[in-house]
1. Go through the range 70-97 and count every residue that is in a helix (DSSP H, G or I) and touching a residue at least 12 places away in the same chain (Cβ under 8 Å).
2. Check the range 306-313 and report whether any residue there is more than 34 Å from the chain's Cα centre (by Cα) and either surrounded by fewer than 21 Cβ atoms within 10 Å (Cβ to Cβ) or under 17 Å from residue 427 (Cα atoms) (or both).
3. Can you tell me how many residues within the range 242-269 are touching an Asp or Glu at 6+ places or on another chain (Cβ under 7 Å) and either hydrophobic (A, V, I, L, M, F, W, C) or buried (at least 19 other Cβ atoms within 10 Å of the Cβ) (or both)?
4. Can you tell me how many residues in the range 12-55 are outside any loop (DSSP other than H, G, I, E, B), under 24 Å from residue 90 (Cα atoms) and of a type in the set (Lys, Arg)?
5. Is it true that residue 372 is over 30 Å from residue 285 (Cα atoms), small (Gly, Ala, Ser) and surrounded by fewer than 21 Cβ atoms within 10 Å (Cβ to Cβ)?
6. Given the structure, is residue 181 in contact with a helix residue (DSSP H, G or I) (Cβ under 9 Å, 6 or more places away or on another chain) and either touching a residue at least 40 places away in the same chain (Cβ under 8 Å) or within 26 Å of residue 309 (Cβ to Cβ) (or both)?
7. Quick one: residue 227 ticks every box in (1) among the small types (Gly, Ala, Ser); (2) modelled with pLDDT under 90; (3) crowded, with 21+ Cβ neighbours inside 10 Å except a single one, so which number is it?
8. Look at the range 232-246 and say how many of its residues are within 17 Å of residue 216 (Cβ to Cβ) and either modelled with pLDDT of 95 or more or basic (Lys, Arg) (or both).
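The values are calculated or read from the model by the stated rules, or taken from the named source; none is laboratory data. Just so you know, these numbers come straight off a predicted model, no measurement behind them. Counting neighbours? That spans all protein chains shown, and the Cβs are built from the backbone with ideal geometry, glycine included.
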Amino acid sequence: MICVTIAPVSRKLAKADLLNAARFGDIIELRLDHLAKEPDVKDLVAAATKPVIVSCRRRQDGGAWDDSEDARLLLLRQAIAAGPAYIELDLDIAPRIPRFGKTQRIIAFTRLDQPEEDIENVFNEAAAKQADIVKFTWPTPTMDDAWPLLKAVSQKRRLPIVGIGLGRADLTFSLLGLKYGSPWIYAALERGMESYPGEPTVFELDEIYRWREINKDTVFIGIAGIGPAQEVTAKILNAGLQQVAPDVRCLPIEVGDVRKLRPMLDALKIRALVIANRLSRQLVPLADVFRDGAGTVDLLRKKRDDQWHGSSALTQSAIGALIGACGSTGEANGALAHRNILVLGAGGIAAGLIRACLNEHGLVSITAPRDADAQSLAQEFNCRFVPFHNIYATLADVAIIADPTLKCGVLQGNLNPTMFKPGMTVLDTSDPPVEHPLFVEARERGCTMIEPADVFTAQIARQFHLITGKDLPGAAVLQGLADD
């Protein structure tokens with residue numbers, strides 16, 4: 001089930017919010033801490049067409065309550081008397097609000113500084129204070145921080161647990177919570193109405209991650225990195241998986257300490273990990289074996305030999321598109337022989353493409369805002385280093401945008417788009433299918449463009465085939481790119 005949280009600022013808006021939330025949620029959390037005037041809770045609960053959780057959060061717990069604690073306790077006592085399905089009570093005040101009627105008690109533990117380590121004692125204390133459900137909330141910027149929440153939810157206990165992770169890793173926790181039997185997960189009605197930064201919306205959970213199809217038998221494919229490109233990836237993969245592997249779905253993972261990731265994947269029985277391009281170099285240590293000599297990875301698969309096999313579908317797709325756009329030189333020793341190729345960026349994406357271009361005997365140069373980074377990569381691959389300030393005097397047949405952090409502009413450290421000349425071939429591999437601002441500028445300057453969407457389509461089709469052994473349905477790609 002999904003619980004949609006609303007935090008109205010007036011009684012009039014409260015009823016409208018309840019109506020809208022009921023259309024998309026199974027449960028509605030009605031937060032009273034934002035209301036300017038004392039609400040008629042009984043009237044609001046009666047107006048709701050779905051079960052209601054009433055809460056009133058202090059500022060120390062991430063809420064907006066500005067009045068006294070005595071006034072808040074009085075409001076909560078009045079709220080429980082109105083007969084909502086649930087009342088949320090902080091762990092420290094639970095003994096001061098007695099059980100009333102059929103309303104179930106959610107005893108909540110919140111800390112905003114870091115994850116809680118002593119979950120067992122907190123759980124037992126909440127149970128002793130007549131909890132029907134125990135709720136944990138703490139920051140989860142990465143998977144590492146969400147891990148204690150996941151362990152708490154996944155274990156069989158005498159009382160159910162719900163949780164909120166404050167950060168993008170909450171999305172990971174929410175989807176796993178569905179698998180492990182959490183009574184409900186939390187979602188915002190729409191962007192701009194989040195209870196905290198990074199909270200997933202109902203649309204995101206429904207259209208991208210297909211939460212209604214997740215159950216205890218679901219097997220997850222991990223997607224390392226959370227961002228617009230990864231949302232498109234999950235949407236396409238899930239659409240394809242629905243047709244060829246109905247019990248498999250995508251799980252977004254915001255990577256923290258790489259050393260902790262491998263045991264987490266094993267514990268969650270994840271045997272395939274699609275990797276955001278910006279992490280392609282960072283996660284190389286996870287690979288035991290490389291496919292096709294890849295030095296960077298955007299896909300890891302754990303095979304029967306219990307080893308993680310790394311491959312770079314982006315590198316293969318991008319170099320294929322580049323050869324197709326440039327045409328063969330006719331040289332027997334490489335399709336890109338005598339092509340002057342300038343790589344912009346010095347990260348993992350750049351490293352994979354430099355290797356691939358050199359294998360096709362392209363004449364590769366590399367530059368980046370930090371000369372030391374570009375020089376180090378040039379030495380690694382024995383190619384030409386171009387100081388960043390000399391880029392505008394460098395002739396190139398091909399420019400490869402290989403770093404999503406590159407800035408387009410005229411300030412120091414930025415790339416001035418005047419470097420792009422008519423007839424130059426430009427390939428954007430920074431974060432397909434998203435177009436880098438430099439790519440947009442190059443198009444306007446009459447360059448020959450290799451579209452990121454085309455590279456991305458080939459990349460994800462290759463990844464899908466490696467994971468499932470089957471072709472990605474074309475309809476899945478169209479569905480995933482339709483609104484992006």
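1. 12
2. No: the range 306-313 contains no residue that is more than 34 Å from the chain's Cα centre (by Cα) and either surrounded by fewer than 21 Cβ atoms within 10 Å (Cβ to Cβ) or under 17 Å from residue 427 (Cα atoms) (or both).
3. Residues in the range 242-269 being touching an Asp or Glu at 6+ places or on another chain (Cβ under 7 Å) and either hydrophobic (A, V, I, L, M, F, W, C) or buried (at least 19 other Cβ atoms within 10 Å of the Cβ) (or both): 1 in total.
4. Total meeting the criteria: 2.
5. no
6. No: the conditions fail for residue 181.
7. Here residue 227 clears every test but (3).
8. Count: 0.
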